[in-house]
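These notes are about the structure you will find just below.
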Amino acid sequence: MRLLFFVLLLVNIVVLAYGQGFFGPPPSEQGREPRMLMMQRNPEAVTLGSPLTPEQAQAIQAVPAATSKSQPAQPHKHH
């Protein structure tokens, strides 16, 4: 029984170390590429606008409702 306890304790310590990244990147960081962020060529080319006011947001939502009465899109003919 004592051996089982120490084996489980050791397994828990190994799993904790793996999750914290002691054996490489932690599993939560997979799919992320921090080097790619550092290698961006034109980071200043991306700009964010100011948030919309409630009036502007309502105006944008009203546009699709006004255009929904138009004809459905026709397939594009290839020449």
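Across the range 43-51, in residue order, what do the Karplus-derived ³J(HN,Hα) couplings come to in whole Hz, using 6.51 cos²θ - 1.76 cosθ + 1.60 with θ = phi - 60° and x for Gly and Pro?
Karplus values, whole Hz, x for Gly and Pro: x, 6, 6, 8, 10, 10, x, 7, x.
Could you give each residue of the range 6-14 its phi-based ³J(HN,Hα) in whole Hz, using Karplus coefficients 6.51, -1.76, 1.60 with θ = phi - 60°, and x for Gly or Pro?
Each residue of the range 6-14 in turn: 5, 5, 5, 4, 5, 4, 4, 5, 5 Hz.
Bear in mind these aren't lab numbers, they're just calculated from the coordinates by the rules spelled out. If you're wondering where the values come from, they're calculated on a predicted model, not measured in any experiment.
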